[in-house]
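Inspection log for the structure reproduced underneath, given as structure tokens.
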Amino acid sequence: MENSLELDKKGRPYGGVAPEARAAERRDALIRAGTRIFGTVGFRRATVRAICQEAKLNDRYFYAAFDSADALLRCTYQHHAEQLRVSVKHAIDALGGERDGLEARVDAGLAAFFAFLRDTCAARVLLLEVMGVSTETDATYQRNLLEFGKMIISLAGPVSEEAGERADQRIIGLALVGAMTNVGAAWLLTGYRDPEEKMVRNCRKVLLGTLQFLAKR
């Protein structure tokens, strides 16, 4: 046992698993635990101890991976934001491109968005818990809003090379993301009262009119 522990301290494989892989596994476990805790009791009531208990890890492993609960929240939010972007992109790409029409692509993206929000804990992290925590977390949130905005605007065509038009696209993208974020949060908080088909059908009207206008410019 002493030899095994010594090998681990020197950064060599312990139990057949490299230290880097074990650290990555613990980090993933903490993100899963963070999703569960932040998505149930909320970030402001969450504690490092509760997160570690959920992850079945000692506190020291938490602080080896993250400086604070806020840092874990940012990482957890980023994880789910990237997953959502991938889900939406795959849904749109599966249609085969522009020949399927703008409306079909909007519907595919919206369907993927609302399906993703069925994961209540992930949805709360994405839409509710990340708001107003710290300056750094706000910056992470804003960066992702911009990326989601670009994704929506790209349905109407490529990003403009002209600075003024590019700024217009950025603002319109943020406006559309804000609308979808608010309706998604309301849907979550009402316990998914309306069926997904109804959510897609009505949100399509919001997105499609703007995107059709942009596509004609």
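Here are the numbers:
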| read-out | value |
| --- | --- |
| Cα gyration tensor shape of region 87-217, rounded if a/c is under 1.5, else prolate or oblate by comparing a/b with b/c | oblate |
| Rounded to whole Hz, the Karplus (6.51, -1.76, 1.60) HN-Hα couplings of region 150-164, x for glycine and proline | 4, 4, 5, 4, 4, 5, 8, x, x, 5, 5, 8, 8, 4, x |
| Principal-axis tilt of helix 102-116 within the chain, Cα atoms, nearest 10 degrees | 30 degrees |
| Whole-Hz couplings from phi, Karplus 6.51/-1.76/1.60, listed for region 33-44; x for Gly and Pro | 5, x, 4, 5, 6, 4, x, 10, 7, x, 4, 5 |
| Net charge of neighbours whose Cβ lies under 9 Å from the Cβ of G42, counting Lys and Arg as +1 and Asp and Glu as -1 | +2 |
| Positive minus negative residues near D138 (Lys, Arg vs Asp, Glu; Cβ under 14 Å) | -1 |
| GluC sites (Glu not before Pro), loop per DSSP, at most 14 other Cβ atoms within 10 Å - longest free stretch of the chain | 1-160 |
| Environment charge of Q83, counting only residues whose C-beta is closer than 14 Å and scoring Lys/Arg +1, Asp/Glu -1 | 0 |
| Spatial separation of Cα centroids for region 41-61 and region 149-217, in angstrom | 36 Å |
| Integer Hz, Karplus 6.51/-1.76/1.60 couplings in order for region 140-146, x for Gly and Pro | 4, 4, 5, 4, 6, 4, 4 |
| Region 103-162: C-alpha gyration tensor shape, a/c 1.5 cut-off, then a/b vs b/c | oblate |
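Quick note: the coordinates plus some simple rules give every number you see, no bench work behind them. Bear in mind that the values here come from a model prediction, so they are computed numbers and not experimental data. Every residue, glycine as well, gets a Cβ built from its backbone with ideal geometry; the counts of neighbours run over all protein chains shown.
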